[in-house]
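The next block holds one structure in the form of structure tokens; read it before the comments.
The values are calculated or read from the model by the stated rules, or taken from the named source; none is laboratory data. Nothing here was measured: the structure is a model prediction, and the numbers come from that model. Cβ sites come from the backbone with ideal geometry, for glycine too, and all protein chains shown count toward neighbours. Accessible surface is based on the protein model in full, side chains and every heavy atom, while ligands, DNA and RNA are left aside. Shrake-Rupley method; radii C 1.70, N 1.55, O 1.52, S 1.80 Å.
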Amino acid sequence: MRRYLYFVTFVAALGGLMFGFETAVINGAIFYVAEHFQLTEFMKGLVVSTALAGCVIGALFIGKPGDKYGRRYMLKIMAALFLFSMLGAGLAANIWVFVIARFLGGIAVGGASVLTPMYISEVSPPKIRGKLVATNQLAIVTGILVAFFSDYMIDSLLHGSWRWMFLAGVVPSAVLWVLLFFISRSPRWLVKIGKNDEAREVIRRVNPEEDADLLMASIKDSLKEEAVNKRVSLMKKPYLRLAIIGIAVGMFNQLAGINVIMYYSTDIFRQAGFSGEAALFQSVLIGLTNLIFTIIAMSIIDRFGRKFLLYVGASGMSVFLGLFSWAFITDTKSGFILLSLLIGYIAFFAFSQGAVIWVILSEMFPNSVRAKGTAMGSFSHWIFNFAIALAFPVVSSMIGVGYVFVFFTVATLLSLLFYRFALIETKGKSLEEIEKLILKK
């Protein structure tokens, strides 16, 4: 029976749920926060993007503490930061307390984005590792939907009570922190610090059907290879081209404009003339679409391939982004048209980039530089996320929402060329086969 394995996976995936909640809760709250603290457009962008600056720092610097103190211990720290962030933002007496609270939450998001999939992969049996690690992405989009729905319900019941939108996150943060005391430490980390007996016991508990001694030997071999690979540089041939591709993967993911929707969709609908309650409800529908099409993509990615999903997604996104920009530029802003266009866009994004980007980053780098390459792609993702979230309120107020979406449309069309000429199809290939194909190019 694998009930304990599924329990520890569920607990770790709560870190992904808080990732989604922390980044999306600002969507419904930012209008009221800006009104309460009388924020300029620049300050509004700063308030939203401060959490993303924390994400960059958290993702960039969590590796060493995670190796020194363990994945579980550092996840406890991230859970505590989530809790402090929700309390601090909800009870903030001034804008700078609010900004600091959001920054701490961003550090937790960045740290959890690295630690959660790492922990799940290290406790999972090889045969179902991919499926269990994928629960993290499912948890993230579920967290986004939970944030949108709780924002909507709180606004409906307590109009304008933005503080409760953040305080609602206290409960899942506290649950995550408490449950982390009931899961085992990573067996791979235990072997790394020489606690072999405890590691063997954990393996037997989470994976009773496998030979614990054989898995222990595999972990030891992997750690020896990792020690050798620390001396390999990603910034030299033959890996430099892959580093550039990894940066571009993260860049095009953000230039599609996805997080403008995730952070500002309620504001965009308000600008189009809708009431606050209607705008929040439309964001809930966007979050639900995101969840549904993420599940669909996860179920077919190994059948149709990564590039196929990216081609379909970028083509569909370009159409809906282009039509959305046209609707704003021509002032054709009926509720049905705008909502339909954004739902269509989100469906194609979740079906493609939303599900595929992290798979690509985990597969495209050879063993010797996989950790460094994945970290670089993640860093690129967060940096562009931060820049766009900061710039959007100012730029859209200067040139209009429609023309900002023209930019996203052009960038998404260009991504089709990038997928065609820079990426290889990895469907059905082992990591070793992928490595040979990549290094041949």
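Under the convention that each Lys and Arg Cβ holds +1 and each Asp and Glu Cβ holds -1, the size of the dipole of the chain around its Cα centre is about 1400 debye. Of the solvent-accessible surface of the stretch 37-195, computed with a 1.4 Å probe and all protein chains present, 73% belongs to carbon and sulfur. Placing a label point 7 Å from the Cα of Val97 along the Cα-to-Cβ direction, the residues of the stretch 26-70 whose backbone N falls under 17 Å from that point are 33-34, 36-38. For the stretch 94-211, the solvent-accessible area of protein heavy atoms averages 43 Å² per residue (probe radius 1.4 Å; ligands and nucleic acids excluded). Farthest toward the dipole's positive end in the chain, which of Ser186, Phe21, Ile286, given Cβ charges of +1 (Lys, Arg) and -1 (Asp, Glu) about the Cα centre? Of Ser186, Phe21, Ile286, it is Ser186.
Computed with a 1.4 Å probe over protein heavy atoms only, the accessible surface of the stretch 291-330 comes to 44 Å² per residue.
Considering only Phe392, Ala272, Leu75, the residue lying farthest towards the positive end of the dipole of the chain is Leu75, judged by Cα position with unit charges set on Cβ. For the stretch 365-410, the share of accessible area belonging to carbon and sulfur comes to 83 percent (1.4 Å probe, ligands and nucleic acids excluded). For Lys372, the aspartates and glutamates whose Cα comes closer than 17 Å to its Cα, not counting residues fewer than 8 places off in the same chain, are Asp67, Glu225, Glu226, Glu363, Glu435. Projecting the Cα atoms of Ala199, Leu223, Ala248 onto the charge dipole of the stretch 189-283 (Cβ charges, centred on the Cα centre) puts Ala248 farthest toward the positive pole. In the structure shown, the pairs Lys192/Lys427; Lys127/Lys220; Lys68/Lys127; Lys68/Lys131; Lys68/Lys236; Lys64/Lys195 are assessed against 25 Å; a Cα-Cα span above that value is assigned to Lys192/Lys427; Lys68/Lys127; Lys68/Lys131; Lys68/Lys236. What separates the Cα centres of the stretch 49-93 and the stretch 307-331 is a distance of 34 Å.
When nucleic acids and ligands are ignored and a 1.4 Å probe is applied, Phe304 ends up with an accessible area of around 90 Å². For the pair Phe304 and Glu277, what calculated FRET efficiency results from E = 1/(1 + (r/R0)^6), where r is the Cβ-Cβ distance and R0 = 35 Å, to the nearest 0.05? Efficiency at R0 = 35 Å is approximately 0.35. Each of the peptides 25-35, 238-248, 276-286, 203-213 was scored by the mean count of other Cβ atoms within 10 Å over its residues; in descending order, highest first, they stand as 25-35, 276-286, 238-248, 203-213. Estimated from helices alone, the mean residue ellipticity of the chain at 222 nm is -28000 deg cm²/dmol (sum of -39500 (n - 2.57) over DSSP H runs with n ≥ 4, per residue).
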